[in-house]
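The values are calculated or read from the model by the stated rules, or taken from the named source; none is laboratory data. Remember, predicted model here, so these are calculated numbers, not experimental data. Positions of Cβ are generated from backbone atoms using ideal geometry, with glycine treated the same way; all protein chains shown enter the neighbour counts. For the accessible areas, the whole protein counts, side chains as well, though only heavy atoms, and no ligand, DNA or RNA atoms are used. Shrake-Rupley method; radii C 1.70, N 1.55, O 1.52, S 1.80 Å.
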Amino acid sequence: MSTTETTDPAVLLPEGLWHKLHRKPAARYWKDPQEVARKDGNNVGKTGQQQAQKANKRRLVEDSEDEEQVLSGKSDPFPGPAPIPEDRLQKFKRKDKTKTSRSQHYKLKDIITRSEETSEMAQKQAARLDLVLPEDAGFLEGDEDEDTCTISQEDIADSVDITSATKHFSLKLSQFGPYRVDYSNTGRQLLLGGRRGHVACIDWQTKHLMCEINVMESVNDVKWLHSEAMYAVAQKKCLYIYDSKGIELHCIRKFNDVLRMQFLPFHFLLVTASATSFLQYLDVSVGKEVSATCTKTGRLDVMCQNPHNAIVHLGHSNGTVTLWSPNQKEALAKMLCHQGAVRSVAVDKTGMYMVTSGMDKKMKVYDIRSFKPLKSYFLPAGASCLSLSQRGLLSAATGDIVQVYRDVWSTPVTKPYMAHRVQKAVWGMHFCPFEDVLGVGHGDGFTSLLVPGAGEPNFDGLGANPYRSAKQRQEWEVKALLEKIQPDLITLDPTELGRVDHATFEMKHQDRVQALGFDPLAKQKFVPRYKKKGRSSAGNHEKRKRKVAHEDLREDIQKTAEANVTTERERKEKKEVLLSGKRSALDRFKK
Amino acid sequence: MCNTRGPAMAEVKVLSRNPDDYVRETKLDIQRVPRNYDPTLHPFEVSREYTRALNATKLERLFAKPFVTSLDGHRDGVNCMAKHTKTLSTLLSGSCDGEVKVWNLTKRECVRTLQAHEGFVRGMVVRFCGSSFFTVGDDKTIKQWKMEAPGYGEEEEPLNTILGKSVFTGLDHHQKDAVFATCGQQVDIWDEQRTSPIRSFTWGVDSFSAVRFNPVETELLASCASDRSVVLYDMRESTPLKKVIMTMRSNTLCWNPMEAYYFTCCNEDYNLYTYDMRFLDKPITVHMDHVSAALDVDYSPTGKEFVSASFDKTIRIFAKDGGHSREVYHTKRMQHVICIKWSLDNKYILSGSDEMNIRLWKANAAEKLGVMSPREREAANYNQTLKEKFQHHPQVRRVARHRHLPKSLYHQTKELRVMKEARRRKEMNVRKHSKPESVPLLTEKEKHVVTVVK
């Protein structure tokens, strides 16, 4: 729009109408990144940005002048987009800004800046959405001089609403116990596996029994597969897969004497640890064994997975914890964690902390990114079972007492957050995802405990959605299968795939040799030409070969010798100039 | 749900969701999908994105069916084509028996046929206003035709006929003036109103194969001459500006419509060369991949890519700065491709070949034709971004680069590679055994330029 066009109507129109027509459009988050930055800057109030703040103030004044032109005459008290708290922004930060160097190509620089801008915008949008999430996490606060661990489950159940109160219940199943427990990844279904063959799956919120069977064999562990339609049961001899109606789908004889199981939901891998010290990976989407590793460490009855990078942790009787991936026959890492045998291992969902408990009656917290111990606690009876919730609560079972701890890795904990005594020794324990519920399987059945603040309050509808319909589940299943991660992508650092691989020259060369089928850089062997009249006798042949031998080497030596001579000469000349001390005005133009 | 039970009791809140907030009210609603972008709820994001990108790349190759249709009706090989300047659906084609056909591309049918010349139709161009078109032929005539078909009972008559002195091999029309240029034994500039050229350019050569007006600097022209040179002219001057002589002859050239100081010429030595007209001493890019002479080239209207037709029975699409093609099109039945055009909506490619057919191809092989729903569009955009993000990963690259080639072409490519390697080795040996710096190291760009004359 040219200037004449803008001024002409202003003369003709009354002023108010003119403003109405030419009012500034509403602020949009994509329009003015400077304004966002300004608000952030004001919010954080960092020191050392005085200059920038001054400039911002100046701009603010200018802006307010612009605002005055609004029809009502009032200025917007909150100009620009709303500020975003720094901690929220930090939550969605993927990586630091790339350092641009001068030597970078201008096109590359452009690509990098553009991608960084988009990721920053995505980060801000996600942080904004995080502010308006509908649900808040639960909590339990005692009055002053009241320990929260003294509050009983009945008191909690009495004080919360009816639906929440129904989440505290007990199943008395003394006949086939003790029980292993597993919740499906949406947290809606509960799977119970009794030692003496009783397997039951329950929609535990409605208390609707989906199926109940007795496999007439001892059951070591039970595990839901990717959805609530299938589950795996590790029985006395081999591994069985049943559907949610209790119909046997598969009997996998190759997986025998399985004691513990883990399911990697994004890889569709069922990982089993057996009494014969075999660690096996089963791809449940195609039914193929991916890898079988003999760990050579005896009976494997302590196992957990790192949900952040899909590495499997195994605890051993000699006090070590080993880390395994399906791509390597040896352990990725071995950590000596306890003096006695390891009884239980748990890893939190961010993949930062590992909690172990051992026969030495200690419970230890490790940073598993750097493999360093952080905290060590002494539990008088020792913890037999550990489980970590989505929000980082730790439950530890000592005999028949279940204790829940809070912030075990950040602050030294002296008292449990909650405690509860069940009827008999605890056998299996699992926090329910997206609910403030801890399921405890013990010798006398199953108890569901209310643990306020355990579950993630806001689920993602496209991931594990507890309220999904059958249609949504089907769609999710197709999508999940399509983006199944291949087992060879399991590494200690899952973001490694997104980073630049600085392949060394040798590696690149090796690839090239493999692709071409020959080595393009290999020197061709000199074969002297055949000459007639006896001139290709063996002696002559060798003589001619010797002439050519080391020719390249000689050339190289010659070159380096020449270079040495020239540098020496230059050095001497410089030295002479310095010693003579006479510098003419023209010396600065010399090289 | 904060409940307090008397003064001495603790405060407790337990997660309790109201299902009504998460489930749709009626079956007519769409499902509610609450989102939480917390990174800890979405682990393995890089690996999952990579898997998606790999799937997207595979799907792209699966859907890559570029051939749309074939227009048959000519009774001899198609020698030249012209895009209509005003309507997308009209295409003109001239064949080796002097016949010109006007096609309706949406209906895929021929709407008009006229016997324009005796012998070949050598060149054809639509006037910028779209009301008429010019043809030149082997019968030494330039004819101007009306775009509308003659009424019932009327004779098919040209508007104007100019009888030249020699055979014309090509023509092009000025962007906005009533001026056109022809080439043959010399490059002539014609006024539409006159029967003799207003200007003739010669520079010691006896024939030219193509002439093209610059789309932006409209007075500039470029032509390909048979003495292996590409000559630049200014219409307002009486002499040519400059020329670059290459090792082999260029067949045709095309200006980049967006950056009109670049032009690309297709050469007999199987390569295409993009030149900056200001610096002709070496090409900006050498585009290699054809295994026989490149016969025609046309830029996309965006100026980012161009398409080339070759004697090796293939069509290749190059990025304007890419040394190798991003796409190759071929069919069993397509013979030597003589002429090629990129449609003005940037969606299609038209090729005319020896075996009398005009073929319509998609410019983007895996693109879905027709209207896309918003969801579809969104998914396609997302997949495109993913493919770009992971394009350098070896698995993704391998899938994306894979093209099936006819056996003969495949072997020819290999043979050419071997020949090139042998030549390189020989040159290396010559250099090794001659006086240092007497055999200079030439880059691929410098190799093919003989000299620049001003």
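This table checks each residue for (1) at pLDDT 95 or above; (2) over 20 Å from B:Lys447 (Cβ atoms); (3) of a type in the set (Asp, Glu); (4) in a loop (DSSP other than H, G, I, E, B).
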{"residue": "B:Arg194", "(1), (2), (3), (4)": "no, yes, no, yes"}
{"residue": "B:Asp206", "(1), (2), (3), (4)": "no, yes, yes, yes"}
{"residue": "B:Ala222", "(1), (2), (3), (4)": "yes, yes, no, no"}
{"residue": "B:Asp227", "(1), (2), (3), (4)": "no, no, yes, yes"}
{"residue": "B:Arg236", "(1), (2), (3), (4)": "no, yes, no, yes"}
{"residue": "B:Thr239", "(1), (2), (3), (4)": "no, yes, no, yes"}
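Provide a single number: the residues in the stretch A:269-296 that are in a strand (DSSP E or B) and open to solvent by less than 60 Å² (accessible area, probe 1.4 Å).
So the answer is 17.
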Check on A:Ala515, among the small types (Gly, Ala, Ser), at the interface with another protein chain (Cβ under 10 Å from one of its Cβ atoms) and part of a helix (DSSP H, G or I): no
Failed item, numbered, when B:Ala82 is tested on (1) of a type outside the set (S, T, N, Q); (2) buried (at least 19 other Cβ atoms within 10 Å of the Cβ); (3) in contact with a Gly (Cβ under 6 Å, 6 or more places away or on another chain): (3)
Selection count where residues are open to solvent by 30 Å² or more (accessible area, probe 1.4 Å) and either touching a residue at least 40 places away in the same chain (Cβ under 8 Å) or under 25 Å from B:Gly164 (Cβ atoms) (or both), scope the stretch B:109-135: 10
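Looking for something assigned to a loop (DSSP other than H, G, I, E, B), away from chain B (no Cβ under 14 Å), farther than 25 Å from A:Thr350 by Cα and out of contact with any Gly (no Cβ under 6 Å at 6 or more places or on another chain) - is there at least one such residue anywhere in the stretch A:408-415?
Among the residues of the stretch A:408-415, not one is assigned to a loop (DSSP other than H, G, I, E, B), away from chain B (no Cβ under 14 Å), farther than 25 Å from A:Thr350 by Cα and out of contact with any Gly (no Cβ under 6 Å at 6 or more places or on another chain), which makes the answer no.
Do you know which of the residues in the stretch A:440-487 that are among the polar types (S, T, N, Q) and in contact with a strand residue (DSSP E or B) (Cβ under 6 Å, 6 or more places away or on another chain) is farthest from the other protein chains (Cβ to nearest Cβ)?
Among residues in the stretch A:440-487 that are among the polar types (S, T, N, Q) and in contact with a strand residue (DSSP E or B) (Cβ under 6 Å, 6 or more places away or on another chain), the one farthest from the other protein chains (Cβ to nearest Cβ) is A:Thr447.
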When residues of the stretch A:297-318 are limited to those that are more than 21 Å from A:Pro265 (Cα to Cα) and of a type in the set (S, T, N, Q), the one least open to solvent (accessible area, probe 1.4 Å): A:Thr297
Selection from the stretch B:7-52 of residues that are within 21 Å of A:Asn306 (Cα to Cα), open to solvent by 60 Å² or more (accessible area, probe 1.4 Å) and more than 7 Å from chain A (Cβ to nearest Cβ): B:Glu45
Check on A:His420, in contact (Cβ under 8 Å) with a residue 40 or more places away in the chain and more than 25 Å from the chain's Cα centre (by Cα): yes
Within the stretch B:429-454, tally of residues that are more than 26 Å from B:Asp321 (Cβ to Cβ), open to solvent by 90 Å² or more (accessible area, probe 1.4 Å) and of a type outside the set (Lys, Arg): 3
Conditions (1) touching a residue at least 40 places away in the same chain (Cβ under 8 Å); (2) more than 14 Å from every other protein chain (Cβ to nearest Cβ); number of the one not met by A:Ser218: (1)
Candidate set: the stretch A:175-210, residues that are under 14 Å from A:Trp427 (Cα atoms) and among the basic types (Lys, Arg); chosen: the one farthest from the chain's Cα centre (by Cα): A:Arg196
Tally of residues being farther than 14 Å from A:Leu388 by Cα and open to solvent by 10 Å² or more (accessible area, probe 1.4 Å) across the stretch A:429-456: 2
Residues (in a loop (DSSP other than H, G, I, E, B) and touching a Ser or Thr at 6+ places or on another chain (Cβ under 9 Å)) located in the stretch B:168-185: B:Phe168, B:Thr169, B:His174, B:Gln175, B:Lys176, B:Asp177, B:Gly184, B:Gln185
Number of the condition not met by A:Val408 [criteria: (1) farther than 25 Å from A:Lys91 by Cβ; (2) open to solvent by less than 10 Å² (accessible area, probe 1.4 Å)]: (1)
Residues being farther than 17 Å from A:Gly453 by Cβ, facing chain B (nearest Cβ under 9 Å), open to solvent by 40 Å² or more (accessible area, probe 1.4 Å) and part of a helix (DSSP H, G or I) - total across the stretch A:118-158: 4
Scope the stretch B:337-359; condition open to solvent by 40 Å² or more (accessible area, probe 1.4 Å) and touching a strand residue (DSSP E or B) at 6+ places or on another chain (Cβ under 8 Å); matching residues: B:Ile338, B:Leu344, B:Lys347, B:Tyr348, B:Asp354, B:Met356
Sole exception among (1) within 24 Å of A:Phe459 (Cβ to Cβ); (2) open to solvent by 10 Å² or more (accessible area, probe 1.4 Å); (3) not in a loop (DSSP other than H, G, I, E, B) for A:Gln403, by number: (1)
Counted residues, the stretch B:202-220 - those being under 18 Å from B:Val136 (Cα atoms) and either crowded, with 17+ Cβ neighbours inside 10 Å or of a type in the set (A, V, I, L, M) (or both): 6
Subset tally (residues that are of a type in the set (Gly, Ala, Ser) and exposed (fewer than 10 other Cβ atoms within 10 Å of the Cβ)) for the stretch A:493-543: 6
Residue in the stretch A:402-411 that is under 27 Å from the mean Cα position of the chain (by Cα) and charged (D, E, K, R) present: yes
Residues within the stretch A:76-92 that are assigned to a loop (DSSP other than H, G, I, E, B) and within 14 Å of chain B (Cβ to nearest Cβ), tallied: 2
Strands (runs of 3 or more DSSP E) completely within the stretch B:28-120 that count 1 or more residues being of a type in the set (Ser, Thr, Tyr): B:67-72, B:90-95, B:109-115
Residue identified as of a type in the set (Val, Ile, Thr), over 23 Å from A:Asp400 (Cα atoms) and modelled with pLDDT of 95 or more among A:Val181, A:Val219, A:Val233, A:Val199: A:Val233
Extreme residue, farthest from the other protein chains (Cβ to nearest Cβ), among residues of the stretch A:159-172 that are surrounded by 12 or more Cβ atoms within 10 Å (Cβ to Cβ) and of a type in the set (A, V, I, L, M, F, W, C): A:Leu171
Subset of the stretch B:391-423 (residues that are outside any helix (DSSP H, G or I) and under 26 Å from the mean Cα position of the chain (by Cα)): B:Gln391, B:His392, B:His402, B:Arg403, B:His404, B:Leu405, B:Pro406
Tally of residues being buried (at least 17 other Cβ atoms within 10 Å of the Cβ) and part of a loop (DSSP other than H, G, I, E, B) across the stretch A:464-479: 5
